[in-house]
1. Please name whichever of Pro41, Leu146, Pro131 sits farthest to the positive end of the charge dipole of the chain, dipole taken about the Cα centre and charges placed at Cβ: Lys and Arg +1, Asp and Glu -1.
2. Zone of Asp7 (label point 7 Å along Cα→Cβ, backbone N under 14 Å): which residues in segment 38-52?
3. If you only keep lysine pairs separated by 8 or more in sequence, or across chains, how many in the chain come under 21 Å at the Cα atoms?
4. Can you give me the three principal axis dimensions of the chain from its C-alpha atoms, in Å, biggest first?
5. In nanometres, what is the gap between the two model label sites at Asp169 and Glu94, each 7 Å from Cα along Cα-to-Cβ?
6. What angle, in degrees between 0 and 90 and rounded to the nearest 10, separates the Cα long axis of helix 168-187 from the longest principal axis of the Cα atoms of the chain?
7. Any idea what angle helix 8-22 forms with the longest principal axis of the chain, computed on alpha-carbon atoms, 0 to 90 degrees, nearest 10?
8. What dipole magnitude, in Debye to the nearest 20, does the chain give about its Cα centre under +1 on Lys/Arg Cβ and -1 on Asp/Glu Cβ?
Amino acid sequence: MAKMGLDRQTLLVSAAELADESGLDSLTLAALAQKLNVRSPSLYNHVNGLPDLRAALTVYCLHLLVDTTRDAVIGKSGDEAILSLCEAYLRFAESRPGLYEAFYKVNMQQHEDLDTAKQELLNLFLRIMEPYRLGEKETLHAIRGLRSLLHGFATLEQHGGFQMDLHLDESVQYVLRTFLKGMHLNKSGA
């Protein structure tokens with residue numbers, strides 16, 4: 001029987017905190033049980049082992065990332081929406097390093113809600129790309145490019161990959177504005 005007050009959401013929040021504190025690889029069922037002050041077998045009332053926990057963290061991360069980026073773009077469109085989404089995305093990755101690591105590191109086979117969570121993120125990107133009228137295929141290419149830029153900056157920063165005496169925010173803004181110039185060129189048919 002599950003411990004009073006312990007549910008899957010509480011378990012995920014605590015697991016995300018552990019991952020953020022020490023990295024995803026340090027997240028174990030034993031460490032989570034200790035944080036929650038329960039015995040490890042109690043966790044099996046809510047997850048089917050460590051792979052399921054990590055997969056659930058990926059879904060949890062996607063939902064939080066969608067909420068964070070969606071909030072950042074409310075009332076905005078075009079370049080302003082893209083820049084706001086990018087800033088929120090990078091802030092999320094920086095503030096939730098272990099959870100963000102679950103987003104790209106966990107090998108997902110099949111997990112409930114994963115397809116829905118992925119689609120929510122894609123739909124958000126699709127909406128902010130609408131003003132550019134690129135066409136379906138080109139829009140998907142642009143989304144892949146933008147996500148690659150964001151992920152590259154986020155993971156390189158997490159792993160200490162930016163050692164030059166140059167402000168990272170300036171680099172991010174430069175690259176994003178260059179990306180947006182290309183979007184405008186494609187929009188105008190040039």
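1. So the residue we want is Pro131.
2. Zone members listed by number: 46.
3. Working: Lys3/Lys35; Lys76/Lys181; Lys76/Lys187; Lys105/Lys118; Lys118/Lys137; Lys137/Lys181; Lys137/Lys187.
So the count works out to 7.
4. Result for the chain: principal-axis Cα extents of 63, 39, 29 Å.
5. The modelled label-to-label distance comes out at 0.7 nm.
6. That helix lies at roughly 60 degrees to the long axis.
7. Tilt of helix 8-22: around 70 degrees.
8. 340 debye
Quick note: the coordinates plus some simple rules give every number you see, no bench work behind them. Treat the numbers as computed from the prediction; the structure is a model and nothing was measured. Positions of Cβ are backbone-derived with ideal geometry, glycine not excepted, and every protein chain shown enters the neighbour counts.
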